[in-house]
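Here's the structure we're looking at; comments come further down.
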C-alpha cells in the first residue's frame, strides 16, 4: 500500500477535480482527495499501479502532475498561464470589436471577412490549443469538462464565419469577433478566478511561510569549542542543537536545554499573549521568541513538526467533500452533456419553430454554451471551506475533515468532560492522610503514579518525587478505575477513586485512595481550579439555546459543585469510559450532540458523538480521535469554532443558491436572444469571482 501526494496543475474548478477523481477511481485508487483550490491530490495506491502510468493518464486529461521543487526552478513557457494568454489575445480581440464602429470611424477595411479572419486566427489557435485539447481528452475519457462548452462555442462561431467568408454570404454570417471574445473573456475569467481563489488561501500560506526560516545551528570544532553558523531550517535534523535569540522566529520544533524565554504562539494558538517557557519546555516551530536567549535541541523535522501537521490536516480537510458538495458534484457531472443538449435544442427551436435566422439561432445556442459553465457551482463549496478552515487554523481551531464544518449547524447540546476541560487539569495536593509510615506512604504513592498520564497521578508524582521508587513485579493502569501493582513479595497495591474501596469502608469523600492487600493505607485530596473562561463559554451556549451537560467519572458532589458554579443544565457523574460511551450514544439519538474532552480518556465518547471536540496540547495533535481540535486547551475558542462552522455552512448555502440561480436565470435569457455570446462569456467570467468574493468575506466577517 502506497500513499501518494501530488500537485496537479491545470485544474480550474470542481468539475476538473471530479474528472481527476473519476480517473483515479477507474484505475483502482482508494481514499482519493482532490482539492481544486490548490491542486493538491492524494490517494492510496493499494494495487501498486505504476505511478508513471497514472501521471500519463492525468496528462491525457489535460492536466499535469508537477514536482513542486523542480517547478520553482523551471522557467514557465510562453502562454503557459491564463494571465499571459489573456494579455496575448486581448489586442486582437479589441481590434476585431472595432468593426462595430465602422459607421462612425473610417474602419471599412475591417469589414473585409478575410482581414477579420486573419486577426481572429491567433486568438482562435491559442484558444483551441488550450480549451480544445482539454475538451477532446476529457471526451475521450468519457468525462466531459467545462472546456467542452467553451471550445464548442468558439469553434462553432469561427467555422460559421469562415464558411460565410468562403461562400461570400455577407456580413450577416461573420462572427469572428464572437469567437475571439469568448476565448479572451474566458481566459480573463480563469485569471480572475485564480486570483480570487488564491486569496482564500491567505491563512494557510502565512502558516506555510513560517516553515521556511534561517536557524543558528550550534556545532563544536576540533577543540570542542562552540561555534554558531546560520543554516536553513530544512537542513536541521532531530537532535541538532540551535541557538535562538530575542526577536527571532523559532525555526523548528525543539526542547529548551538552557535558558528561559517568553514566546508568542499566536500563529498556532491564535492567542497573542506571550507564554513563559523554561528548561525542558517544548517550543513550536513558527512561534516568535519575544524575549530571552535559549539553547535548544531539535525534536522534530519535516512533516513531523506541529506546523506541518496543522498544514496537512487543513489541506486534507479542504480536499474532503461534505454532503452538500457531493450533491453539487453529482449535478456538475451531468451538467456538460445537459447543456450541450439545451444548446442544440435552442438552435433548432429558434431556427425552425420561431423562424429566427441561422446566424442569430447559432449565436443564441453559443450563448447558452458559454453562460452555462459549471465552474460557479463547483467552486461554491471548496472556496467557502478553504476560507473557513484557514481562518479557523489561524485561531488555533483545527478541523480534521470538512464534514465537521457542516455538523456544527445541527448541534443542539454540548457535553463537557470535567477534569482538564472545564477545569485546568493542573492538580495540587491539598491534603493527605497516611495510616503507615509517612515516608513509606509517599514512596508507594510516587511509585504507583509515576507511569500514569492521568492529571491526578501526575500531580502526585511531581509533588512526591524521590530517587528510590519501589520496584514492581507488575503494574497496570485500569482505565476508569485506577492503578494496580504487585511487588516482589506478593503484596498487591491499588490506587484509585472510592470505587476501589472495600464495602466496609464508608469514608469515601477523598480524591485518591491507596490500598495494600485490600487494606487502606492512606488517602490523598487534590484541588483543581475551574477555568476562568468556562463560565463565559457556558453562558454563550445558553444564549444560543444550546443545552449543556457535564459528563464525568468524578464524584457527584464535586461534579454538582462545578456545574452549579458554571450554570450547566445536567450532571452525569461517576461514569466509567464505557458508561460515558453509552451516555453519549443515548444523547446523540435524542438530538445532535457535541462532546468536548481531553482527547485521551474520552476518546471513545469523542468518536461516538456527532461532533468530537478535543482540547489538546499542540504537540499531541496526532494522538487525538476528535473531529475538531482546540489547540493548547483553548476552551475559549469553542464559541468561535461553533460560530465559524455555522457561518461557513451559511456561506456555502449562499454560494450554491447564487450559482444555481445564475444558471436557471441565465440559460433562458441566452436562449431567447437577450444575451450575446460576448456578454455571456463576460458574465460567466465574473460569476466565479462573485462567489469567491463572497467566500473571502469570511476572513473579516463577524461570526460571534
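Picking from residues in region 432-457 that are within 44 Å of the chain's Cα centre (by Cα) and in a loop (DSSP other than H, G, I, E, B), the one that is surrounded by the most Cβ atoms within 10 Å (Cβ to Cβ) is 454.
Residues in region 549-564 that are within 13 Å of residue 415 (Cβ to Cβ) and crowded, with 21+ Cβ neighbours inside 10 Å: 550, 551, 552, 559, 563.
In region 215-239, what count of residues is obtained for those that are surrounded by 15 or more Cβ atoms within 10 Å (Cβ to Cβ) and outside any strand (DSSP E or B)? Spell out how you get there, then give the answer.
Looking only at region 215-239, we keep the residues that are surrounded by 15 or more Cβ atoms within 10 Å (Cβ to Cβ), and these are 215-218, 231, 233, 236.
Subsequent filtering for residues that are outside any strand (DSSP E or B) retains 233, 236.
Total satisfying the criteria: 2.
Please go through region 597-618 and pick out each residue that is modelled with pLDDT of 65 or more and outside any strand (DSSP E or B). Matches in region 597-618: 598, 602, 603, 604, 605, 606, 607, 608, 609, 610. Within region 336-349, residues that are free of Cβ contacts under 8 Å to residues at least 40 places away in the same chain reach partners that are surrounded by fewer than 24 Cβ atoms within 10 Å (Cβ to Cβ) and part of a helix (DSSP H, G or I) with beta carbons closer than 6 Å, at six or more positions or on different chains, in the pairs 347/361.
Here's the yes/no breakdown for (1) touching a helix residue (DSSP H, G or I) at 6+ places or on another chain (Cβ under 8 Å); (2) modelled with pLDDT under 90; (3) crowded, with 23+ Cβ neighbours inside 10 Å:
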site	(1), (2), (3)
620	no, yes, no
631	yes, yes, yes
634	yes, yes, no
637	no, yes, yes
651	yes, yes, yes
661	no, yes, no
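Residues 429, 460, 411: which one is surrounded by fewer than 24 Cβ atoms within 10 Å (Cβ to Cβ) and touching a helix residue (DSSP H, G or I) at 6+ places or on another chain (Cβ under 6 Å)? Criteria check complete, one pass: 429. Could you tell me whether region 246-261 includes any residue that is in a strand (DSSP E or B) and without any contact (Cβ under 8 Å) to a residue 40 or more places away in the chain? Checked region 246-261: at least one residue is in a strand (DSSP E or B) and without any contact (Cβ under 8 Å) to a residue 40 or more places away in the chain. Put simply, of 460, 475 the only residue that is part of a helix (DSSP H, G or I), in contact with a strand residue (DSSP E or B) (Cβ under 8 Å, 6 or more places away or on another chain) and in the same structural domain as residue 437 (by TED's automatic domain parsing) is 460. Number of residues in region 556-575 that are touching a helix residue (DSSP H, G or I) at 6+ places or on another chain (Cβ under 7 Å), over 18 Å from residue 636 (Cα atoms) and not in a strand (DSSP E or B) equals 4.
The values are calculated or read from the model by the stated rules, or taken from the named source; none is laboratory data. As the structure is a prediction and not an experimental result, all values here were calculated from the model. With ideal geometry, Cβ positions are generated from the backbone for all residues, glycine too; neighbour counts draw on all protein chains shown.
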